[in-house]
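The values are calculated or read from the model by the stated rules, or taken from the named source; none is laboratory data. Everything quoted here is computed from the prediction, not taken from an experiment. With ideal geometry, Cβ positions are generated from the backbone for all residues, glycine too; neighbour counts draw on all protein chains shown. Ligands, DNA and RNA are excluded from the accessible area calculation, which covers all protein heavy atoms including side chains. Shrake-Rupley method; radii C 1.70, N 1.55, O 1.52, S 1.80 Å.
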Amino acid sequence: MIERLRKFLSHFHPRPVAAWELLIMRVLFALVVYKTLPNAGQIYDTQTSPNGIAHFVDLTFLAADGVYPALKIAMAAALAIYASGFLLPLVLPFILIAHVMIRTLFNSQGWIHHGVQMVSLVLLAQTLVVLTFLVYRLLKKRPFPLTGGRSMGSYFLFYSQMAIISIYVVSVVSKVDRSDGQWFAKSHYIGLHVVKAERDRYYGKLHDPPPGDVPAARIMLANPNLTRLFLGAGVLLELLAFLALYGRGAALAFSLSMIVFHRSIAALMSIYFHFNEMLLVIFLVNAPYWIVLIFRKSRAAPPPPAPATALDI
Amino acid sequence: MPILRQIAPLSGGILIALLCLLLKENFPFTHYPMYSNFEDQTYYVWLSDGEGEPIPIQNTTGLRLGRIKKIYNTGLLEARELAGAKFGKKPRKRDLSPAQRRAPAEETLRWIYDSANPRAKAALRAAAPLGLYHVDIRIEKNRVIETTPLRVGELGAEEMEVSR
């Protein structure tokens, strides 16, 4: 039994990763980080409800003339260097600190936006990895010991994946905790929130048909057990998210399932997690790896048999 | 312990998860509280122009009503705290009086105006006085019941001029 468990756990380790995979991931992630930077109009000159480090630092200096545009240019330059893979112990802490400051000010206006925490947490995980390697080298006067074909990139990817996955597990714990264990029993009430989302959509744009019956909500409220089954499947997926670290295949299966779940919620309730989906695609789907694998396998396969000729017959 | 050594690589994820759960809503940490507890009642808000007609606030300012509701809701929670401190018992949000809802509603309208770009500000001034409507929505016998929209606050053109 112990031996089986040991064998199972042996899969949950950083694994070798090609330099070109990491390059693609860094380029895509740099673009995502840049995309999460708000436009200048959303850099507020007040922090009415301080959040995170805004409790200790007045971040409204970001709204002073010229500060944010200059910071955005510096971020773009740092992200370009990050994407190239050079000077990571220097540029990653800068990107992380700047990102946290900017998004903290954004979240200090009396409401919390939950769309980009995952991006900052992946930056945090990557920063900790590169700094650990640097500190080890400085203290021990030798490189961090790497075995089994692993590189720093292996840890870089593994901990990025773990930052993503841990958020899904946290979400399950919150559901159990905040609902006093009643989340599953009350989950069919989501029908009410689907109606609310429909009303928000209508009154926000006045484009859709005027408010009336919402068939999806009606079906959910009329079929509570079916609704519980659907939402329960999503929660089970979040709970078992850590299995995505078992291997590349598991990461692909989990991330694709999670993207489908995010899309379903978006269709029903207009709640979008675009950046979470992007990170799933970059660090867990990792499409370039599978494309190259399929390409290599198809080239290595034996040539198809020659078509039959008259002589063969 | 070989097993502990095997779990060690997962410690980073466990640490992030623990920090999220302990620090809750402190960016970049979050415990993802939204939709962690479905209730059988909630509410939504919408904005009106001087004629009391809905205005497409998302088209005008880029702000989604969900975000506007969060600002208003923060004010309602503060109003609850104030009422609790004054009367000894915190009322439910839906039991707050129109007078108790007015300050959060007007603060919300002021925030919308102050955070708008110059073009949106001009559109909001033209539509003034802006009204904020609150609609309670609940489940009764598996059916959704909505209350009549209640005008909880307004912001006139003159007040916009003196906005921060």
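Pick from segment A:145-184 the residues that are more than 8 Å from chain B (Cβ to nearest Cβ), within 20 Å of A:Leu237 (Cβ to Cβ) and not aromatic (Phe, Trp, Tyr): which of them is surrounded by the most Cβ atoms within 10 Å (Cβ to Cβ)?
By that ranking, first place goes to A:Ile164.
Confirm whether A:Val27 is in contact with a His (Cβ under 7 Å, 6 or more places away or on another chain) and surrounded by 16 or more Cβ atoms within 10 Å (Cβ to Cβ). So that I can check it myself, show each step before the final result.
On the way: in contact with a His (Cβ under 7 Å, 6 or more places away or on another chain): no; surrounded by 16 or more Cβ atoms within 10 Å (Cβ to Cβ): yes.
It is false that A:Val27 is in contact with a His (Cβ under 7 Å, 6 or more places away or on another chain) and surrounded by 16 or more Cβ atoms within 10 Å (Cβ to Cβ).
Please verify whether A:Asn51 is within 25 Å of A:Asn276 (Cα to Cα), within 14 Å of another protein chain (Cβ to nearest Cβ), open to solvent by 50 Å² or more (accessible area, probe 1.4 Å) and of a type outside the set (D, E, K, R), treating the condition exactly as stated.
no
Every residue in segment B:85-139 that is touching a residue at least 24 places away in the same chain (Cβ under 8 Å) and of a type in the set (Phe, Trp, Tyr), please.
B:Trp111, B:Tyr113, B:Tyr133
Go through the residues of segment A:69-88 one by one and say whether even a single one is touching a Ser or Thr at 6+ places or on another chain (Cβ under 9 Å), at pLDDT 95 or above and crowded, with 19+ Cβ neighbours inside 10 Å.
Yes; the residues of segment A:69-88 include at least one that is touching a Ser or Thr at 6+ places or on another chain (Cβ under 9 Å), at pLDDT 95 or above and crowded, with 19+ Cβ neighbours inside 10 Å.
Could you list, in sequence order, all residues of segment B:44-57 that are more than 7 Å from every other protein chain (Cβ to nearest Cβ), touching a Leu at 6+ places or on another chain (Cβ under 9 Å) and either open to solvent by less than 10 Å² (accessible area, probe 1.4 Å) or of a type outside the set (A, V, I, L, M) (or both)? I'd like the intermediate steps shown before the answer.
Keep residues of segment B:44-57 that are more than 7 Å from every other protein chain (Cβ to nearest Cβ), which gives B:45, B:47-53, B:55.
Pick out the ones that are also touching a Leu at 6+ places or on another chain (Cβ under 9 Å) and you get B:45, B:47-50, B:55.
B:Val45, B:Leu47, B:Ser48, B:Asp49, B:Gly50, listed by residue number.
Give the residue that is nearest to B:Phe27 (Cα to Cα), with candidates limited to residues of segment A:1-24 that are open to solvent by less than 40 Å² (accessible area, probe 1.4 Å) and more than 10 Å from every other protein chain (Cβ to nearest Cβ).
A:Leu22
Take B:Thr60 and tell me if it is among the polar types (S, T, N, Q), assigned to a helix (DSSP H, G or I), surrounded by 15 or more Cβ atoms within 10 Å (Cβ to Cβ) and out of contact with any Ser or Thr (no Cβ under 9 Å at 6 or more places or on another chain). Before you say what the answer is, go through the steps one by one.
Numbers: among the polar types (S, T, N, Q): yes; assigned to a helix (DSSP H, G or I): yes; surrounded by 15 or more Cβ atoms within 10 Å (Cβ to Cβ): yes; out of contact with any Ser or Thr (no Cβ under 9 Å at 6 or more places or on another chain): yes.
Yes: the conditions hold for B:Thr60.
Counting only residues that are open to solvent by less than 80 Å² (accessible area, probe 1.4 Å) and of a type in the set (Val, Ile, Thr), give me the strands (runs of 3 or more DSSP E) lying completely in segment B:124-164 with at least 3 of them.
B:130-140
Just one of the numbered conditions (1) assigned to a helix (DSSP H, G or I); (2) in contact with a His (Cβ under 9 Å, 6 or more places away or on another chain); (3) free of Cβ contacts under 8 Å to residues at least 12 places away in the same chain is not true of B:Glu81; which one?
B:Glu81 satisfies all of (1) assigned to a helix (DSSP H, G or I); (2) in contact with a His (Cβ under 9 Å, 6 or more places away or on another chain); (3) free of Cβ contacts under 8 Å to residues at least 12 places away in the same chain except (2).
What pairs can you find where one residue is in segment A:197-215 and within 15 Å of B:Val135 (Cα to Cα), the other is β-branched (Val, Ile, Thr) and open to solvent by less than 60 Å² (accessible area, probe 1.4 Å), and their Cβ atoms are less than 7 Å apart, with a gap of 6+ or different chains?
Here the result reads A:Glu198/A:Val214; A:Gly204/B:Ile57, each pair linking segment A:197-215 to a residue that is β-branched (Val, Ile, Thr) and open to solvent by less than 60 Å² (accessible area, probe 1.4 Å).
Within the bounds of segment B:103-120, is there any residue that is surrounded by 18 or more Cβ atoms within 10 Å (Cβ to Cβ), more than 14 Å from chain A (Cβ to nearest Cβ) and either part of a strand (DSSP E or B) or modelled with pLDDT under 90 (or both)?
No.
In segment A:194-219, which residues are open to solvent by 20 Å² or more (accessible area, probe 1.4 Å) and not charged (D, E, K, R)?
A:Tyr202, A:Tyr203, A:Leu206, A:His207, A:Pro209, A:Pro210, A:Pro211, A:Gly212, A:Pro215, A:Ala216, A:Ile219
For segment A:89-115: of the residues being of a type in the set (A, V, I, L, M) and facing chain B (nearest Cβ under 8 Å), which is least open to solvent (accessible area, probe 1.4 Å)?
Residue satisfying both the conditions and the ranking: A:Val100.
Tell me, which residue of segment B:121-138 that is over 21 Å from the mean Cα position of the chain (by Cα) and aliphatic (A, V, I, L, M) is farthest from the other protein chains (Cβ to nearest Cβ)?
B:Ala128
Got at least one residue in segment B:85-100 being assigned to a helix (DSSP H, G or I), within 14 Å of another protein chain (Cβ to nearest Cβ) and small (Gly, Ala, Ser)?
Checked against the condition, which is being assigned to a helix (DSSP H, G or I), within 14 Å of another protein chain (Cβ to nearest Cβ) and small (Gly, Ala, Ser), segment B:85-100 yields no hits at all.
Return a yes/no flag: does segment A:2-13 have any residue that is more than 30 Å from B:Gly75 (Cα to Cα), among the acidic types (Asp, Glu) and over 20 Å from the mean Cα position of the chain (by Cα).
Step one: list which residues in segment A:2-13 are more than 30 Å from B:Gly75 (Cα to Cα), which gives A:2-13.
Retained after the next criterion (residues that are among the acidic types (Asp, Glu)): A:3.
Filter once more, keeping what is over 20 Å from the mean Cα position of the chain (by Cα): A:3.
Checked against the condition, which is being more than 30 Å from B:Gly75 (Cα to Cα), among the acidic types (Asp, Glu) and over 20 Å from the mean Cα position of the chain (by Cα), segment A:2-13 yields at least one hit.
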